[in-house]
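Enquirer: Below is the structure I would like to discuss, written out as structure tokens.
The values are calculated or read from the model by the stated rules, or taken from the named source; none is laboratory data. All of these numbers come straight from a predicted model, not from anything done at the bench. Neighbour counts are summed over all protein chains in view; Cβ atoms, including those assigned to glycine, are modelled from backbone coordinates with ideal geometry.
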Amino acid sequence: MPGCRVSIVGRVNATPDRVDAIVVGSGFGGAVTAARLAQAGFSVTVLERGRRWRPGEFPRKPDLKTGWLWQVDGGLYDIRWLDRMGTVQGAGWGGGSLVYANVFARPAESSLAGRWPPELRRDELDPYYDLAAHMLDVRPVPEDPGTGRLPDRTRLWDSVVEQMEISPSTVRPNVAVRFGDPETWAPNRHGVQQRGCAFVGECVLGCNHGAKASLDLNYLAVAERAGTQAVTDAEVRRIESDGDGWAVLVGDPAEPGRPLVRHTARHLFLAAGAVATTELLLQARDTEGTMPLLSRRLGHGFSGNGDFLALSNIRGATGDLTTGPTITTTTVLDVFERSRPVWFQVQDGAVPPAVLGLLDVLLPFPRLRRWLRAVRRYDVRKNMALLSMGHDAGEGVLALDERNRVNLRWRNRRQARLYRAEERVGPAVARFFGSPVRSALTWSLLRRAVTVHPLGGVPSGPDAESAVVDGKRQVHGYPGLYVMDGSVIPASTGVNPSATILASAERSIERIVRDMTGDPDWRAPEWPDVRPRPVPEDAAFAWMAERRTATAGDGVRFAERMRPLDVGGPALRLDGHIRSLDRFRADPQHRIPVRGTLELDVLGGAHGVDGTLALFPHEDAVLMRYELALTDHDGRPWTVTGTKRQLRRGPTARLRALTRLHLQLSSPGRESRRAVLVLDAHDVRRLGLSLRGEGFTAGRRIAALGKFAGFFAVRAAAGAVRRERGPVRP
């Protein structure tokens, strides 16, 4: 929470009473730390630079000076440009929880990089995720009590993923929102009054309704009830050792000329967020000189969590897309980008009209913008955001600039595959929306990413050569100094990281309290009531991972129609689907799943069939082999085997072989039957027109179609030779 560069020359107020622990910051790491230390009997002071925000006090007016920006009037949002990336953080009692989108998600274990230590892996952290979920009382979004159905935006996105045939990759994530009667105040499990969600879609603006489970209504309430002293409007300017403890010098951000106040404690816990905590430590090492032994790795390993934003105004959508909690769905995507898999997720996002009202006041050319909206039939209630996050390289470096503020060394090139895949989401879904989807202007114009989930900057490891803190989050060389926020998360989580910050802080503070009390069995008092919580995203992770393997190289669909040699009308209709061209080409038989109908006189009508088509298998003279199965109207099973053979050389023989199918039908206890089916010129044309490539983007669909067409052309041209001379192996 440091501000601009400050010279500390006297003017320090009288020191408040010394406490056992000072916690800097009241966000996800700080709230957990304060609650558990207080419950363990320690005297705790929490220093928070922002104000207390209560329901009804969050800004909504289209006036920048009504509490919107930290830099303007100590408002709700701290927006900083770190040269190559922008960051957005919350300011107030409760930190980022006041303005986050409520999602409580656990990362996919299979997606975590090797830099994740064992203590932060799922098998170790899952019990602490359950503890944090209990504290916030998370659950998926239910139906809107006002309409009796899911929000319009949720249902729209469900229809999109259904058309894309990836519905199992989409889940209702757990969210930290109280659901129920939106008009009745009632105590939550921590005794704090809340109302049920009114589905107004303003979670990221601060909940004026009192339904959001921000940290001031759970962890911080528990901390204060246990004796924690909350000091708001307290911006930390300097940290230094103080005998056998620590001193923190604090200023009032609203009155920078007032004398600083000195707070002292035996233990100091930094939890101001990845940017502010790293900045404060860098200032202590490089500017103030109060902590010269800090590791040279300080500032390394910064990640933007792969955040990426796109927006659309969906004119053809029905209903109001701004209602519901800010995020109601999570879609996991595991796709190939430049021949390598890229894993990320996409979430639907409400765009509150209040934000657009504020932008209308701030942006130039208001008359021109109003005219453009009228021409385009722009409706603020049809706006929808697509919020993506994934695994970036996590190799950013935070360092102080000439103003004594942190700046970021960051290379977009290192995240090129992730950003490119996330950027492709817009065009991929625009054809289902019927409206364009555009990347945020900060990216499309400036190529600057913006993150609402900054992580890293304070690496963890065994010694000061490799890291800043140890496995218990104590700073190397400085006993009693700990870091508890997202700055110690070693890499991007690929999901909304708040749950991981909470769970990892729970695990760490449990061990720290055991050391401080000498009680090896100390645990949070809530543990007896904790139950394992469902993890909806795990099913999506597993399904999409299997699908990515099953669709490697993208796919192709086609429809084939053939008729008997001697009568009119189609007799065999088959739809073929190659899910993975990579698997298809690696299979020596080149088998394709097919299904459809077969109608022949010998069967007494049309029957459903399914089976496989082997396309140019390595068999003598065989160009295609069909192996199908059906059950007739009497319940008897039939096996249908078909072949297309080329026994002579020459283009006429090749064409005849590719357009003539010899069928043999057999059933136990019945005489085998034979039939010959053909494709005429019309059938061949229709077959060609039915070919459809499958892939995440139009380019990949075209490429998939080209790969299949090339495969077919090469094998068809090679054909087969006379039986006596053997086949030509293409």
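Enquirer: Residue under question is Asp144, and the condition is that it be in contact with a Pro (Cβ under 7 Å, 6 or more places away or on another chain) and over 30 Å from Phe302 (Cβ atoms); does it hold?
Expert: yes
Enquirer: So if I check each of Val236, Val248, Val222, which one is within 21 Å of Thr287 (Cβ to Cβ), under 36 Å from the mean Cα position of the chain (by Cα) and surrounded by 19 or more Cβ atoms within 10 Å (Cβ to Cβ)?
Expert: Val236
Enquirer: If you scan the stretch 649-691, which residues turn out to be without any contact (Cβ under 8 Å) to a residue 12 or more places away in the chain and hydroxyl-bearing (Ser, Thr, Tyr)?
Expert: Matches in the stretch 649-691: Thr652, Ser672.
Enquirer: A follow-up question, please. Somewhere in the stretch 86-109, is a residue over 21 Å from Val32 (Cα atoms), touching a residue at least 40 places away in the same chain (Cβ under 8 Å) and touching a Pro at 6+ places or on another chain (Cβ under 7 Å)?
Expert: Yes; the residues of the stretch 86-109 include at least one that is over 21 Å from Val32 (Cα atoms), touching a residue at least 40 places away in the same chain (Cβ under 8 Å) and touching a Pro at 6+ places or on another chain (Cβ under 7 Å).
Enquirer: In the stretch 474-492, what residues are of a type outside the set (Asp, Glu) and either within 14 Å of Ala274 (Cα to Cα) or not assigned by TED's automatic domain parsing to the domain that holds Ile239 (or both)?
Expert: Listed by number, the residues that qualify are Tyr482, Val483, Met484, Gly486, Ser487, Val488, Ile489, Pro490, Ala491, Ser492.
Enquirer: Here's another thing I want to ask about it. Search the stretch 606-627 for residues being touching a Pro at 6+ places or on another chain (Cβ under 7 Å) and part of a strand (DSSP E or B), and hand back the single one that is farthest from Arg674 (Cα to Cα).
Expert: Filtering first and then ranking leaves Thr612.
Enquirer: A further question follows. Give the residues of the stretch 343-355 that are closer than 16 Å to Ser388 by Cα and not in a strand (DSSP E or B), sorted by residue number.
Expert: Ala350, Val351 - these are the residues of the stretch 343-355 that are closer than 16 Å to Ser388 by Cα and not in a strand (DSSP E or B).
Per-residue answers, yes or no, for (1) closer than 30 Å to Arg523 by Cα; (2) touching a Leu at 6+ places or on another chain (Cβ under 9 Å); (3) without any contact (Cβ under 8 Å) to a residue 24 or more places away in the chain:
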site: Ala40; (1), (2), (3): yes, no, no
site: Thr45; (1), (2), (3): yes, no, no
site: Gly56; (1), (2), (3): no, no, no
site: Pro59; (1), (2), (3): no, yes, no
site: Gly67; (1), (2), (3): no, yes, yes
site: Leu76; (1), (2), (3): no, yes, no
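Enquirer: Hey, can you tell me all the residues within the stretch 57-76 that are assigned to a loop (DSSP other than H, G, I, E, B) and of a type outside the set (Lys, Arg)?
Expert: Passing the criteria: Glu57, Phe58, Pro59, Pro62, Asp63, Leu64, Thr66, Gly67, Trp68, Gly74, Gly75, Leu76.
Enquirer: Step by step: first the residues of the stretch 534-562, then only those that are in contact with a Phe, Trp or Tyr (Cβ under 9 Å, 6 or more places away or on another chain) and within 24 Å of Pro117 (Cβ to Cβ), then the one that is surrounded by the most Cβ atoms within 10 Å (Cβ to Cβ). Which residue is that?
Expert: In this case the residue turns out to be Phe541.
Enquirer: Tell me, please, whether a residue that is in a helix (DSSP H, G or I) and touching a Pro at 6+ places or on another chain (Cβ under 6 Å) can be found in the stretch 376-385.
Expert: Checking the stretch 376-385: at least one residue is in a helix (DSSP H, G or I) and touching a Pro at 6+ places or on another chain (Cβ under 6 Å).
Enquirer: From the residues in the stretch 350-390 that are over 30 Å from Val160 (Cα atoms) and in contact (Cβ under 8 Å) with a residue 40 or more places away in the chain, which one is surrounded by the most Cβ atoms within 10 Å (Cβ to Cβ)?
Expert: If we take residues in the stretch 350-390 being over 30 Å from Val160 (Cα atoms) and in contact (Cβ under 8 Å) with a residue 40 or more places away in the chain, then Leu358 is surrounded by the most Cβ atoms within 10 Å (Cβ to Cβ).
Enquirer: Here's another thing I want to ask about it. Residues that are out of contact with any Phe, Trp or Tyr (no Cβ under 9 Å at 6 or more places or on another chain) and loosely packed, with under 15 Cβ neighbours inside 10 Å: find the strands (runs of 3 or more DSSP E) completely inside the stretch 630-706 holding 1 or more of those.
Expert: 637-645, 660-666, 673-678
Enquirer: Checking the structure you have, find out if any residue of the stretch 266-275 is surrounded by 21 or more Cβ atoms within 10 Å (Cβ to Cβ), more than 30 Å from Thr326 (Cβ to Cβ) and touching a strand residue (DSSP E or B) at 6+ places or on another chain (Cβ under 8 Å).
Expert: Yes, the stretch 266-275 contains at least one residue that is surrounded by 21 or more Cβ atoms within 10 Å (Cβ to Cβ), more than 30 Å from Thr326 (Cβ to Cβ) and touching a strand residue (DSSP E or B) at 6+ places or on another chain (Cβ under 8 Å).
Enquirer: Which of the numbered conditions does Val141 fail, given that it passes all the others? Conditions: (1) farther than 21 Å from Tyr100 by Cβ; (2) part of a loop (DSSP other than H, G, I, E, B).
Expert: Failed condition: (1).
Enquirer: Here's something else I'd like to know. When you scan the stretch 34-54, do you find a residue that is outside any loop (DSSP other than H, G, I, E, B) and surrounded by fewer than 23 Cβ atoms within 10 Å (Cβ to Cβ), even just one?
Expert: Yes: the stretch 34-54 contains one or more residues that are outside any loop (DSSP other than H, G, I, E, B) and surrounded by fewer than 23 Cβ atoms within 10 Å (Cβ to Cβ).
Enquirer: What's the number of the condition Glu422 fails, among (1) closer than 24 Å to Ala276 by Cβ; (2) in a helix (DSSP H, G or I); (3) in contact with a strand residue (DSSP E or B) (Cβ under 7 Å, 6 or more places away or on another chain)?
Expert: Going through (1) closer than 24 Å to Ala276 by Cβ; (2) in a helix (DSSP H, G or I); (3) in contact with a strand residue (DSSP E or B) (Cβ under 7 Å, 6 or more places away or on another chain) one by one, Glu422 breaks only (1).
Okay, residues lined up against (1) acidic (Asp, Glu); (2) on the phi > 0 side of the Ramachandran plot:
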residue	(1), (2)
Met164	no, no
Ser169	no, no
Asp181	yes, no
Gly196	no, no
Gly210	no, yes
Arg225	no, no
Ala230	no, no
Glu235	yes, no
Asp242	yes, no
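Enquirer: Assess whether Leu574 counts as being of a type in the set (A, V, I, L, M, F, W, C), in contact (Cβ under 8 Å) with a residue 24 or more places away in the chain, closer than 28 Å to Val161 by Cα and touching a strand residue (DSSP E or B) at 6+ places or on another chain (Cβ under 8 Å).
Expert: Spelling it out, Leu574 is indeed of a type in the set (A, V, I, L, M, F, W, C), in contact (Cβ under 8 Å) with a residue 24 or more places away in the chain, closer than 28 Å to Val161 by Cα and touching a strand residue (DSSP E or B) at 6+ places or on another chain (Cβ under 8 Å).
Residue-by-condition table, conditions (1) in contact with a strand residue (DSSP E or B) (Cβ under 6 Å, 6 or more places away or on another chain); (2) in contact (Cβ under 8 Å) with a residue 24 or more places away in the chain; (3) among the acidic types (Asp, Glu); (4) part of a loop (DSSP other than H, G, I, E, B):
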| site | (1), (2), (3), (4) |
| --- | --- |
| Ala113 | no, yes, no, yes |
| Trp116 | no, yes, no, yes |
| Glu124 | no, yes, yes, no |
| Met135 | no, yes, no, no |
| Pro145 | no, yes, no, yes |
| Thr154 | no, yes, no, no |
| Asp158 | no, yes, yes, no |
| Glu165 | no, no, yes, yes |
| His190 | no, yes, no, yes |
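Enquirer: Would you please list the contacts, defined by Cβ atoms under 6 Å and residues six or more apart or on different chains, that run from a residue in the stretch 416-438 that is under 21 Å from Thr318 (Cα atoms) to a residue that is of a type in the set (Ser, Thr, Tyr) and at pLDDT 95 or above?
Expert: Phe433/Ser312; Ser435/Ser312; Val437/Ser312
Enquirer: Same structure, new question: Answer yes if at least one residue in the stretch 201-216 is surrounded by fewer than 18 Cβ atoms within 10 Å (Cβ to Cβ) and farther than 22 Å from Thr329 by Cα, and no otherwise.
Expert: Within the stretch 201-216, none of the residues are surrounded by fewer than 18 Cβ atoms within 10 Å (Cβ to Cβ) and farther than 22 Å from Thr329 by Cα.
Enquirer: Consider Phe336 carefully, then state whether it is in the same structural domain as Val437 (by TED's automatic domain parsing), closer than 30 Å to Leu398 by Cβ and out of contact with any Cys (no Cβ under 8 Å at 6 or more places or on another chain).
Expert: Answer is no for this residue.
Enquirer: Select, from Gly74, Gly96, Gly92, the only residue that is over 23 Å from His391 (Cα atoms), crowded, with 22+ Cβ neighbours inside 10 Å and out of contact with any Cys (no Cβ under 9 Å at 6 or more places or on another chain).
Expert: Result of the check over Gly74, Gly96, Gly92: Gly92.
Enquirer: Another one. Could you identify the single residue in Arg648, Arg685, Arg595, Arg583 that is out of contact with any Pro (no Cβ under 8 Å at 6 or more places or on another chain) and over 19 Å from Phe558 (Cα atoms)?
Expert: Only one candidate passes the filter, namely Arg648.
Enquirer: Looking only at the stretch 299-342, filter to residues that are of a type in the set (Asp, Glu) and in a strand (DSSP E or B); which one of those is farthest from Ala499 (Cα to Cα)?
Expert: Among those that are of a type in the set (Asp, Glu) and in a strand (DSSP E or B), it is Glu337.
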